[in-house]
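Values quoted throughout were computed directly from the atomic coordinates according to the rules given, and no laboratory measurement underlies them. Keep in mind that what you see is a predicted model, and the values were worked out from it rather than measured. Cβ: placed from backbone, ideal geometry, glycine included. Neighbour counts: every protein chain shown.
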Amino acid sequence: MAEALKIGVAGLGTVGASLVRIIHERQESLAVSCGRAIEITAVSARNRDKDRGIDLSGVTWFDDPVDMAKNGEIEVLVELIGGADGAAREAVEAALARGVHVVTANKALLAESGVALAAAAEEKGLLLNFEAAVAGGIPVIKAMRESLTGNTISRVYGIMNGTCNYILTRMEKEGLSFEDCLKEAQRLGYAEADPTFDIEGNDTAHKLAIMTALAFGCEISCDDIYLEGISNISQEDIRAAAELGYRIKLLGVAQRTEGGIEQRVHPTMVPHDTVIAQVDGVTNAVAIESDILGDLLMVGPGAGGDATASAVLGDVADIAKSRPGIQTVAALGRPAKSLTPYKKARMRSHEGGYFIRLRVVDRIGVIAAIARRMADNQISLESIVQHSANGGGEAPTKTIIMVTHATTELSVRNAVSAMESDGYIVGKPQVIRIEKP
Ligand SMILES: NC(=O)c1ccc[n+]([C@@H]2O[C@H](COP(=O)([O-])OP(=O)(O)OC[C@H]3O[C@@H](n4cnc5c(N)ncnc54)[C@H](OP(=O)(O)O)[C@@H]3O)[C@@H](O)[C@H]2O)c1
């Protein structure tokens, strides 16, 4: 049997500790399937004294992961620290510069510096694997990078943040407010103490930016993503969506359009009878539409120590199976030099159906005025529902819920702002895009 593959694990938190435990527990079967053993020779974390429930005897400890990348007796650096900059980035750069393969679960790092890191890996004939960076344990990177080679991908979308999906699911099933569900997610350890990054959609945006590059062969462009989180989704929206046959999910969507590539993360209404609408709780789902294969949907655990470590281990095993010195798979599916510049489509030209919820003063002529504004903007309605007066201040009000046929974002915004200037709208109108698989 060939010599063991020596790996160094930087970061021994939720994912790192799971990875070390799993590799120790499955040493024999890994050696059989990879044709060589996988040996953890070095580790690095901040606190050497922390009990992590893993056996680190015989393993060299480094206080500094960059030192480990530069000087550890390792052929692979497994980066499980996190963060776009700092120790994670420096360790990865040092490993690639030294000729050490890299496996990482770090979406923030890849979203910011993925192209430069891919180029650095290619230059040295190294592998840069990052399956766990998108949708945790779901093998979406491998599918896009390898299995779908030759396909032209037209759209990728998915539920890629377990915290948001947990909150939206609880809001619907238990009738609780956004704030209560967020507190529950924090109590259960799904959401961070500062959950902004999850609920405002940034985490999904990082994952989407990576998938976009793989899907369309373009450079990663995380700053060009249209972003809207879930914090303004109310019980009223959830109930109205259900009444109309939809559920609300935070989706990341990337698609090719005539005007360029559209990347957007926002609350989305999906038809109730679709598979993606049934994906509940912390589970993730990623859909890929391509011309040869057709539609592919992958559903599974998007986070958690073991699920994420499973994806990291798959990446390490790929390196163990590869022939030394020969890089077989380009990190972003094609050589970094051949990635095209990112061309952003204007969000205002996004076409689709829309859900619009308005609270209006209850007086004669309002419905006719709304209909006129919709017609002025060439918007046709699939349905309109009116709820009887439901309070909302001094004057009685009504809630109007409309679902449009396909139209543009610009038309909807123009129609809604015209209605606001007409003076019969109370509060802030709610507009949610509809995505039809
Ligand atoms: N958790 C998940 O479900 C999940 C899912 C998908 C992807 N990921 C990604 O996986 C990566 C790790 O996530 P995690 O949840 O395992 O994080 P975590 O539990 O916070 O663990 C981070 C680890 O990094 C170590 N660390 C932090 N700064 C360091 C430094 N300057 N030098 C050395 N070690 C340092 C910490 O050391 P101490 O333990 O000593 O403090 C800790 O062991 C992140 O990129 C994350 O986005 C996580």
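Strictly over 31 Å apart at the Cα level, which of K107/K436; K107/K343; K6/K107 would you flag in this model? None, as every Cα separation is 31 Å or less.
For A331, the residues 5 or more places off, or on other chains, whose built amide H falls under 5 Å of its own are L128. Listed values for the range 95-104 are Karplus-derived 3J(HN,Hα) couplings in whole Hz (6.51 cos²θ - 1.76 cosθ + 1.60, θ = phi - 60°), namely 5, 5, 5, 8, x, 9, 4, 10, 10, 9, and x replaces Gly and Pro. In the chain, the DSSP-assigned H stretches of four residues or longer account for a calculated mean residue ellipticity at 222 nm of -10500 deg cm²/dmol, using -39500 (n - 2.57) per stretch and the full residue count as denominator.
Taken over the chain, the alpha-carbon convex hull comes to 147 cubic angstrom per residue. The angle between the Cα long axis of helix 107-123 and the main principal axis of the chain comes to about 40°, on a 0 to 90 degree scale. Remark: the range 350-434 carries a charge dipole of roughly 120 debye about the Cα centre, counting +1 on each Lys and Arg Cβ and -1 on each Asp and Glu Cβ. Seen against the Cα atoms of the chain and their longest principal axis, helix 366-376 is set at about 60 degrees.
Note on the range 144-301: with charges restricted to the Cβ of Lys and Arg (+1) and Asp and Glu (-1), its dipole about the Cα centre is near 320 debye.
Cross-link partners of K207 among aspartates and glutamates, defined as those whose alpha carbon lies under 12 angstrom from its own and excluding same-chain residues fewer than eight positions apart: E112, E131, D198. Exposed loop sites are taken as GluC sites (Glu not before Pro) in a DSSP loop (any state but H, G, I, E or B) with at most 11 other beta carbon atoms within 10 Å; the longest stretch of the chain without one runs 74-257. The alpha-carbon of K398 sits under 23 angstrom from the alpha-carbons of these lysines, leaving out residues fewer than 8 places away in its chain: K428.
Each Lys and Arg Cβ is given +1 and each Asp and Glu Cβ -1; about its Cα centre, the range 1-140 then shows a dipole of about 180 debye.
Out of Q255, G314, A185, whose Cα points farthest toward the positive end of the dipole of the chain (charges: +1 Lys, Arg; -1 Asp, Glu; placed on Cβ)? Towards the positive end, the residue furthest out is Q255. Within the chain, antiparallel bridges make up roughly 70 percent of the DSSP beta bridges whose residues both belong there. Farthest towards the positive end of the charge dipole of the chain, among the residues S380, G217, L110, is the Cα of S380, using unit charges on the Cβ of Lys, Arg, Asp and Glu.
Enter the angle in degrees (range 0 to 90, nearest 10) between the Cα long axis of helix 14-25 and the first principal axis of the Cα atoms of the chain, meaning the one along which they spread out most. For 14-25 against the chain, the angle is about 40 degrees.
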